[in-house]
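Just below is one structure, and these are the notes that go with it.
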Amino acid sequence: MKYNLIKNTSCDDPKLCSHNIMEKLESKLNCKLHADKKNDTVNGSISIYHTQPHQIIIEFYDKNEGSNNIHATKFNKLSKIPTESEIKKII
Amino acid sequence: MTNCIQAAFSSGGGGGGATVEIVEQSQSGSFTTTSTTAVDITSFTITKPDITDGKCFTFATFAGYNDDNSTTNTYFLDDNGSNVAVGMTQEDGGSGGYANNNISLVDLSVADGNTAKIKMLVSAGTGSCYGNNTYTIPKLVAFGVG
């Protein structure tokens, strides 16, 4: 499931901005949207285009998937994938 | 600029001239991702020139940035769904360090009006295509001649 969202904000530090939004989502939704190590298990990803406004793409994987020749990470589908309105409230 | 180049092709050549078309896309902001599979870098897309029997030189230049230990970013120049050039940031390897690499992706192809875009993935952590209007502006350019 992929969500394309708009957030009316601007930032000076894209890396910090990305981390802040990601940490909110990970803590509130009890999920992992980034890999700390190459072989970590993740539930999805977050991509942000840091323009004014920001364009945010959040993906939750629809199925479990092991490491392969494309990605070393393992994908794990959440038991309950959050809705767009739930995500909007958090970010 | 297009007119100047076309004039250069035409001069002294008996008036035949050449068709020259340049398409350019500059990024106005940074793009970050945590995706370990390739994702489109938002707005980093162009339509290549469509010139009969023409050739197209497509290139992209930008700063690739990652600051998570022992991670790399991989960038792709995609031509209608096919990866035609690949570039990577160096693995930083330090504790809390970062790698900020100039990335150049280049392809010579047919001027066929295809869609060209830049995609990226990370091995772990968060990576970016760094855009700053002061000193680094990501650019994707297609130079078609026929």
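Considering the range A:43-88, and only residues there that are surrounded by 15 or more Cβ atoms within 10 Å (Cβ to Cβ) and of a type in the set (Asp, Glu), the residue that is farthest from B:Asp40 (Cα to Cα) turns out to be A:Glu65.
Against the test of being under 24 Å from B:Phe44 (Cβ atoms) and touching a strand residue (DSSP E or B) at 6+ places or on another chain (Cβ under 7 Å), the options A:Lys2, A:Lys88, A:Lys32 yield a single qualifying residue, A:Lys2. The set of residues in the range A:12-41 that are facing chain B (nearest Cβ under 8 Å), over 13 Å from A:Ile91 (Cβ atoms) and either crowded, with 22+ Cβ neighbours inside 10 Å or of a type in the set (S, T, N, Q) (or both) comprises A:Pro14, A:His34, A:Ala35. Scanning the range B:18-67 for residues being more than 14 Å from every other protein chain (Cβ to nearest Cβ) and either at negative phi or in contact with a strand residue (DSSP E or B) (Cβ under 6 Å, 6 or more places away or on another chain) (or both) gives a total of 22.
The set of residues from the range B:96-120 being on the phi < 0 side of the Ramachandran plot and at pLDDT below 95 comprises B:Gly97, B:Tyr98, B:Ala99, B:Asn100, B:Asn101, B:Asn102, B:Ile103, B:Ser104. If the condition is being at the interface with another protein chain (Cβ under 7 Å from one of its Cβ atoms) and of a type in the set (S, T, N, Q), then the range A:42-91 contributes A:Ser45, A:Ser47, A:Thr51, A:Gln55, A:Thr73.
Given (1) over 24 Å from B:Ile137 (Cα atoms); (2) in contact with an Asp or Glu (Cβ under 8 Å, 6 or more places away or on another chain); (3) charged (D, E, K, R), where does A:Lys15 come up short, assuming only one miss? Tallying (1) over 24 Å from B:Ile137 (Cα atoms); (2) in contact with an Asp or Glu (Cβ under 8 Å, 6 or more places away or on another chain); (3) charged (D, E, K, R), A:Lys15 fails exactly one: (1).
The values are calculated or read from the model by the stated rules, or taken from the named source; none is laboratory data. Not measured: the values here are computed from a predicted model. All Cβ positions, glycine included, derive from the backbone under ideal geometry; neighbour counts span all protein chains shown.
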